[in-house]
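The values are calculated or read from the model by the stated rules, or taken from the named source; none is laboratory data. None of these values were measured; they are calculated from a predicted model. Note that each Cβ is placed from the backbone with ideal geometry, even for glycine, and that neighbours are counted across all protein chains shown. Accessible surface is based on the protein model in full, side chains and every heavy atom, while ligands, DNA and RNA are left aside. Shrake-Rupley method; radii C 1.70, N 1.55, O 1.52, S 1.80 Å.
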Amino acid sequence: RIAPQYLEKGVSLFETFPRVGIVTSLHTWIDAGGRVISRHARGRLKGPRVIAGREMLGRAPWRHNEMGTPSHAMLRREVFERCGVFSLEYGQAADWELWLRVFSQFDAGFLREYLVDVRIHPAQQSLIDEATFIAAQDVFRISHVHYGRSWWQRQVLVMRNAEVYFWTAVMSGSSREAAARQEVIAAQQD
């Protein structure tokens, strides 16, 4: 679910900062019933509205996907013309790979408020049993393309992959817990 003011605020950020190619907001994770599971990065309520693409490239290996899911990232049409579209080569991290290409040519914009609810449910693609393994493979391949093969960069890969495993486990656990709650509620209503 996207708040009605999200589009207006995102477009305003694009108009104010012509070098911004991608905009995102903070988001809340909700279960299938609309109940809040978690809020994304409360510490990011403060910070710059715009971060240079070069800085975002430097931050990307150390931080979980800062731009979030494709469901709530806004991109200029020019981004697709210059950077291309999502690559079918990656099964779970195609968004992160595109964001890295975007950062190589554009700056990133942040709406520092919760304007999106992202629904987590047991049947979603990122929670399939092999998703964590696929994501780790994707991150490894993407990182080699964008960051090279030095010792330091390999250490970043290890940390980034560990984070992918961690977040997948957290989301999977939250989703399965929410599904179990729904099954109990449904059974009680019968």
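Looking at Arg59, Arg39 in this structure, which one is without any contact (Cβ under 8 Å) to a residue 12 or more places away in the chain and surrounded by fewer than 14 Cβ atoms within 10 Å (Cβ to Cβ)?
Going through Arg59, Arg39 in turn, just one is without any contact (Cβ under 8 Å) to a residue 12 or more places away in the chain and surrounded by fewer than 14 Cβ atoms within 10 Å (Cβ to Cβ): Arg59.
Between a first residue in the stretch 7-18 that is more than 16 Å from Ala73 (Cβ to Cβ) and a second residue that is polar (S, T, N, Q) and open to solvent by less than 70 Å² (accessible area, probe 1.4 Å), which pairs have beta carbons less than 7 Å apart while being 6 or more apart in sequence or on different chains?
Between residues of the stretch 7-18 that are more than 16 Å from Ala73 (Cβ to Cβ) and residues that are polar (S, T, N, Q) and open to solvent by less than 70 Å² (accessible area, probe 1.4 Å), there is no close pair.
Taking the residues in the stretch 73-106 that are at negative phi and among the small types (Gly, Ala, Ser) as candidates, determine which candidate is modelled with the lowest pLDDT.
Here the answer is Gly91.
When you go through (1) modelled with pLDDT of 90 or more; (2) assigned to a helix (DSSP H, G or I) one by one for Ile134, which number turns out not to apply?
(1)
Using the structure shown, decide if Lys46 is exposed (fewer than 12 other Cβ atoms within 10 Å of the Cβ) and touching a residue at least 12 places away in the same chain (Cβ under 8 Å).
yes
Only one of Pro48, Pro70 is modelled with pLDDT under 90 and under 11 Å from Gly109 (Cα atoms); which? I'd like the intermediate steps shown before the answer.
Working: Pro70 fails: under 11 Å from Gly109 (Cα atoms).
Answer to the selection: Pro48.
For (1) in a helix (DSSP H, G or I); (2) touching a strand residue (DSSP E or B) at 6+ places or on another chain (Cβ under 9 Å); (3) open to solvent by less than 40 Å² (accessible area, probe 1.4 Å); (4) acidic (Asp, Glu), each residue gets a yes or a no:
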position: Glu15; (1), (2), (3), (4): yes, no, no, yes
position: Val23; (1), (2), (3), (4): no, yes, yes, no
position: Gly34; (1), (2), (3), (4): no, yes, yes, no
position: Glu78; (1), (2), (3), (4): yes, yes, no, yes
position: Gln92; (1), (2), (3), (4): no, no, no, no
position: Trp96; (1), (2), (3), (4): yes, no, yes, no
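Which of the numbered conditions does Asp117 fail, given that it passes all the others? Conditions: (1) over 27 Å from Arg141 (Cβ atoms); (2) modelled with pLDDT under 90.
Here Asp117 meets the rest and fails (2).
What number of residues within the stretch 15-45 are among the hydrophobic types (A, V, I, L, M, F, W, C) and modelled with pLDDT under 80?
Qualifying residue count for the region: 2.
Out of Leu88, Leu26, Leu75, Leu100, which single residue is within 18 Å of the chain's Cα centre (by Cα) and touching a residue at least 60 places away in the same chain (Cβ under 8 Å)?
Leu26
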